[in-house]
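J.: Below is one structure. I have some questions about it.
The values are calculated or read from the model by the stated rules, or taken from the named source; none is laboratory data. These numbers were taken from a predicted model, which means no experiment stands behind them. Here the Cβ positions follow ideal geometry from the backbone for every residue, glycine too, while neighbour counts run over all protein chains shown. To get the accessible areas, we keep the full protein, side chains included, count just its heavy atoms, and leave off ligands, DNA and RNA. Shrake-Rupley method; radii C 1.70, N 1.55, O 1.52, S 1.80 Å.
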Amino acid sequence: MPVVRLTGLKRSFSQGGVTIEVLRGIDLDVRKGEIVALLGPSGSGKSTMLQAIGLLEGGFEGRIDIAGTDASSLSGDDRTTLRRDHLGFVYQFHHLLPDFNAAENVILPQLVAGTSQIDARARAEELLSALGLAARLEHRPSQLSGGEQQRVAVARALANRPQLVLADEPTGNLDEATADRVFAEFLKLVREEGSAALVATHNERLAARMDRVLRLHEGLLEPAAP
Ligand SMILES: Nc1ncnc2c1ncn2[C@@H]1O[C@H](COP(=O)(O)OP(=O)(O)O)[C@@H](O)[C@H]1O
Ligand SMILES: [Mg+2]
């Protein structure tokens, strides 16, 4: 059973009487533990596709199955639970809670999912240490560098052991050397955790490090040479 299966996924936006078809019928299976790059220039629909899979907004046509459940048939609450239990998110900007320190930012989503405080703390320390942040547990986001902030965001995304991580240009806001390093750590940790990932990027070099590379072109997916 794939971690995510898209069947005929379509999404269009209407603005001022003009309709733009951004996704025109996407079919995709991502297998357990598989790391897939989603390549495409700015405006090709990468974020739109990840948002649909992330069940963050409706408005799409077609079907999205997550871990064997047809998400399109679910109520809002069940969708939230499915998202919480199976998906992790990393965005271009870290979106950490500014008033909480690094450890707390990784602990909170676990508490929401019902993990005990002790277990959540241990998990946060494990993930942050794996990302080289053992000495930054008590730092707030504003006291961290851009690369460190993204590492915390990676730890947060993995905290609840999601089957699928959705990453939207996760290092797109970092300088090239930092992006390379954070990206390598992200891939290593996702592999160790056994999560699958779908990673939007316009960086061909980063894409080539993943298991499979897909390209969004005119609203459809085509395989790209890795
Ligand atoms: N909420 C929205 N309303 C109208 N158009 C949108 C909206 N979101 C995205 N689009 C359009 O969809 C296209 C794809 O956008 P996006 O998914 O952000 O691309 P990418 O992430 O690949 O840069 C763009 O042409 C954009 O203008
Ligand atoms: Mg985008």
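J.: So how exposed is THR80, as accessible area in Å² (1.4 Å probe, rounded to 10)?
T.: 70
J.: Quick one: if you stick a label point 7 Å off each Cα along the C-beta vector at ALA122 and HIS202, how many nm between them?
T.: 4.5
J.: Here's something else I'd like to know. Taking θ as phi - 60°, what are the ³J(HN,Hα) couplings along region 4-18 by the Karplus curve (6.51, -1.76, 1.60), each to the nearest whole Hz, with x for Gly and Pro?
T.: These are the phi-based 3J(HN,Hα) values: 9, 10, 9, 10, x, 6, 10, 8, 10, 10, 10, 9, x, x, 10 Hz.
J.: Next question. At 0.36 nm per residue, minus the direct Cα-Cα distance, what do GLU192 and SER129 gain on full extension? Give it in nm, one decimal, please.
T.: Gain on extension, GLU192 to SER129, equals 21.3 nm.
J.: What does the accessible area per residue of region 1-134 come to in Å², with a 1.4 Å probe and no ligands, DNA or RNA counted?
T.: I get 49 Å² per residue for region 1-134.
J.: Among 89-97, 187-195, how do they line up by average Cβ neighbours within 10 Å per residue, starting with the highest?
T.: For the peptides 89-97, 187-195, the packing ranking is 89-97, 187-195.
J.: What residue among GLY17, GLY114, GLY40 shows peak mean-square fluctuation when the chain is described by a Gaussian network model with Cα springs under 10 Å?
T.: Among GLY17, GLY114, GLY40, the largest mean-square fluctuation in the Gaussian network model of the chain belongs to GLY17.
J.: Please find, in a Gaussian network model of the chain (springs between Cα atoms separated by less than 10 Å), the residue of SER14, SER142, SER47 whose mean-square fluctuation is greatest.
T.: Comparing SER14, SER142, SER47 in the GNM, the peak value goes to SER14.
J.: Let me ask another. Counting only protein heavy atoms, what percent of the accessible surface of the chain is carbon or sulfur at a 1.4 Å probe?
T.: Carbon plus sulfur share of accessible area: 49 percent.
J.: Any chance you could run the full-extension gain for HIS95 through ARG31? It's 0.36 nm times the residue separation minus the Cα-Cα distance, nm to one decimal.
T.: Difference between extended and current length: 20.3 nm.
J.: Further question: Out of the DSSP beta bridges found with both residues in the chain, what percent are antiparallel (nearest 5)?
T.: 55
J.: Using packing as a proxy for protection, rank 55-61, 82-88, 160-166 so that the peptide with the highest average count of other Cβ atoms within 10 Å comes first.
T.: Highest mean packing first, the order is 160-166, 82-88, 55-61.
J.: In deg cm²/dmol and to the nearest 500, what is the mean residue ellipticity at 222 nm of the chain if only DSSP H runs of at least 4 residues count, each as -39500 (n - 2.57), divided by the residue total?
T.: Calculated at 222 nm, the ellipticity per residue is -10500 deg cm²/dmol.
J.: Let me ask something else about it. Straight distance only, please: which lysines reach the Cα of LYS46 with their own Cα at less than 16 Å, same-chain residues fewer than 8 apart left out?
T.: LYS10
J.: Could you tell me the relative contact order of the chain? Use alpha-carbon pairs under 8 Å, at least six residues apart, and round to a whole percent.
T.: With pairs under 8 Å counted, the relative contact order is 30 percent.
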